[in-house]
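All remarks here apply to the structure that follows.
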Amino acid sequence: MKFLLKECYAIEDLLSIMELLRSACPWDREQTHKSIRKNLIEETYEAVEAIDNDDYVLLREELGDLLLQIVFHTQIEKEAGHFDFSEVCDLVCKKLVTRHPHIFAGVKADSAEQVLNNWDEIKKEEKGRVTAAQSLNSVPAVLPALMRAQKVQQRAAKAGFDYPNVEMAMADLQSEVSEVSQALREQNAAAIEEELGDLLFSVVNVARFVGVEAEESLTASSGKFISRFKRVEDLALKKGINMQKASIETLDCLWREAKKAK
């Protein structure tokens, strides 16, 4: 297969390049969906990081890398005779038309909330989901755990299974803290793991009630911890303190000092 070099390439060229690589490159030829699965995840997160950093030059590159993964997986399926890129495009276009009846079918939707409600109802009908349990079970298990928990809770709430207010959600959270404490006192490893999971689930529930994305909130807190830890490390170095040998009281003083520094 010959490929013509150009000054500017389009999507058809990307498809041709991938087809060529799958036939001529030993590494590309050996890959399967599972062997490059992690690449799809990594490229997605790299694109998200570019968005978070408002780096639109990098975003252009990362979106290209993400598109490459889509084309790669599609080429594997084309070779297997299951579908090709045009079918992928056709399906997503049909999905967009069907799920936007306020644009393509004269259905009235005056708010973003109504648009999302219509989308969810149409999706449930398309997927043949009759029960709320089916809707909950369809949330992908491979999602980040906090994100999955929040989506599961949102779908349960739409089915009417929810606390009436955040105060009750907080009471449930406090109850889960007590159950973790009890499991720790009993030194029951299985119970500790289970109760910690319930505690995290309750924390996510409180986040949902107040309109906070738990996944993003924890990501921000992790970043904040890293930043403060660096200040602690700098302070320890400045004061001649060996952090590995310092008492918890000394480390706590350093931490409180680091927190004061903005």
Worksheet item: How much mean residue ellipticity at 222 nm does the chain get from its helices, if each DSSP H run of length 4 or more adds -39500 (n - 2.57) and you divide by all residues, to the nearest 500 deg cm²/dmol?
Response: -24500 deg cm²/dmol
Fill in: Derived scalar couplings ³J(HN,Hα) [region 198-210; Karplus, 6.51 cos²θ - 1.76 cosθ + 1.60; whole Hz; x for Gly, Pro]
4, 5, 4, 4, 5, 4, 4, 5, 5, 4, 4, 4, 9
Worksheet item: Residue by residue, what Karplus-based ³J(HN,Hα) values in Hz, rounded to whole numbers, does region 23-30 have, using 6.51, -1.76 and 1.60 with θ = phi - 60° and x for Gly and Pro?
Response: 9, 10, 9, x, 5, 4, 5, 7
Discussion item. Using alpha carbons only, how many angstrom separate the centre of region 1-59 from the centre of region 228-262?
Written reply: 44 Å
Item to complete: Could I have the simple spin-label model distance between Glu79 and Val48, label points 7 Å from Cα toward Cβ, reported in nm to one decimal?
Response: 2.9 nm
Practice prompt. Would you please name the trypsin sites (Lys or Arg not before Pro) within region 1-85 that are DSSP coil residues with at most 16 other C-beta atoms within 10 Å of their C-beta?
Written response: Lys2, Lys6, Lys34
Worksheet item: Considering the zone a paramagnetic label at Arg129 would reach in this model (a point 7 Å from Cα along the Cα-to-Cβ line), which residues of region 196-217 have amide N under 11 Å from it?
Response: none
Practice prompt. At 25 °C and 0.890 mPa s, grab the translational diffusion coefficient of region 1-53 from Stokes-Einstein with a Kirkwood Rh over Cα pairs, rounded to a whole number in µm² per second.
Written response: 185 µm²/s
Worksheet entry | Under Karplus coefficients 6.51, -1.76 and 1.60, residue-wise ³J(HN,Hα) of region 102-118 in Hz, glycine/proline x | 6, 9, 10, 9, x, 6, 8, 8, 9, 9, 4, 4, 5, 4, 5, 5, 4
Discussion item. Report, in listed order, any pair from Lys78/Lys124; Lys151/Lys230; Lys239/Lys259; Lys38/Lys124; Lys34/Lys158; Lys230/Lys260 with a Cα-Cα distance greater than 25 Å.
Written reply: Lys78/Lys124; Lys151/Lys230; Lys38/Lys124; Lys34/Lys158
Worksheet entry | Scattering profile of the chain at q = 0.14, 0.15 Å⁻¹ [log10 I(q)/I(0), Debye over alpha-carbon scatterers] | -1.26, -1.32
Worksheet entry | GNM result for the chain, Cα springs below 10 Å: residue of Met170, Met147, Met18 fluctuating most strongly | Met18
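Taken together, the values in this text are just the output of simple stated rules run on the coordinates, not laboratory data. All figures in this text were calculated on a predicted structure; none of them were measured in a lab. FYI the Cβ positions are ideal-geometry reconstructions off the backbone, even for glycines, and counts take in every protein chain you see.
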